[in-house]
Amino acid sequence: MSENSFRTLRWQVAVRRHPSAFLLAAQVLSLIIYPLFDQMASGRVVFGAVGVLVLALAVWVVNRSPASSWIAWTLAVPAFVLSLASVVMVSETLLVTSSALEALLYFYAAGSLIAYMMSDHRVTTDELYAAGATFTLLAWGFAYAFLVCQAWFPGSFTGAVEPERPRAWLELLFLSFTNLSAVGLGDVIPLSPPARVLVMLEQFAGVGYVAVVVSRLIGLTMLRHGKP
């Protein structure tokens, strides 16, 4: 076997064994490149392409979990089409609709990964990647929910900078990450009752995720390494 063939085989094995790692990497990569394209006219196209990649990876990890993949496809296909249409047509209505579907897909994918991690008493490397990917899926899901809430209930969020304008996507994602991780940085604040309910639900989800899923993985890992 040639060296190139061996590398290709190793790559294929890694892809099959650690699908959650690729989803986590795509989410982190999108965070890194967002500031680079935020002010560019082509930025929305780039973000749309990254979003499509994340959607495909989310469906992929659902396929590897105990969850039903047809539900993921039912959410992903129209979300994919509407997301592309919103970029091409520069339509806020299509963007909000696709955001609602993406939020549902990310929540479903996060739930499927949690079921995958809780399905046995053995902690694998992919389950550790899944723990990180699940956190990013929840953060993205709530950020899209915040975006939909802001469109349906104008004035739902305010901020330290230009408090009267609607919050940008990165601001809502920042709020989601700080809220889910219980950091509590308060430069973006929910004002309307629906927005505050969403924020409280995310706080509950963040605490529950750490208390149940992450602590379980840590405990099982310590037990495994503590055995003689």
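The values are calculated or read from the model by the stated rules, or taken from the named source; none is laboratory data. Note that the structure is predicted; figures quoted are calculated from it, not measured. Cβ: placed from backbone, ideal geometry, glycine included. Neighbour counts: every protein chain shown.
Assorted remarks:
- Which numbered condition residue 147 fails, given (1) in contact with a helix residue (DSSP H, G or I) (Cβ under 7 Å, 6 or more places away or on another chain); (2) over 22 Å from residue 29 (Cα atoms); (3) among the hydrophobic types (A, V, I, L, M, F, W, C): (2)
- When restricted to residues that are surrounded by fewer than 19 Cβ atoms within 10 Å (Cβ to Cβ), of a type in the set (Val, Ile, Thr) and within 28 Å of residue 79 (Cα to Cα), region 118-157 contains 0.
- Residue in region 63-70 that is in a loop (DSSP other than H, G, I, E, B), modelled with pLDDT under 80 and loosely packed, with under 15 Cβ neighbours inside 10 Å present: yes
- Checking residue 111 against (1) in contact (Cβ under 8 Å) with a residue 60 or more places away in the chain; (2) closer than 15 Å to residue 61 by Cα, the condition it does not meet: (1)
- Yes/no for residue 91 being hydroxyl-bearing (Ser, Thr, Tyr), out of contact with any Phe, Trp or Tyr (no Cβ under 8 Å at 6 or more places or on another chain) and modelled with pLDDT of 75 or more: yes
- Number of residues in region 161-200 that are assigned to a helix (DSSP H, G or I), without any contact (Cβ under 8 Å) to a residue 12 or more places away in the chain and of a type in the set (A, V, I, L, M, F, W, C): the value is 2.
- Within region 189-209, considering residues that are closer than 16 Å to residue 171 by Cα and either of a type in the set (Val, Ile, Thr) or modelled with pLDDT under 90 (or both), the one surrounded by the most Cβ atoms within 10 Å (Cβ to Cβ): 199
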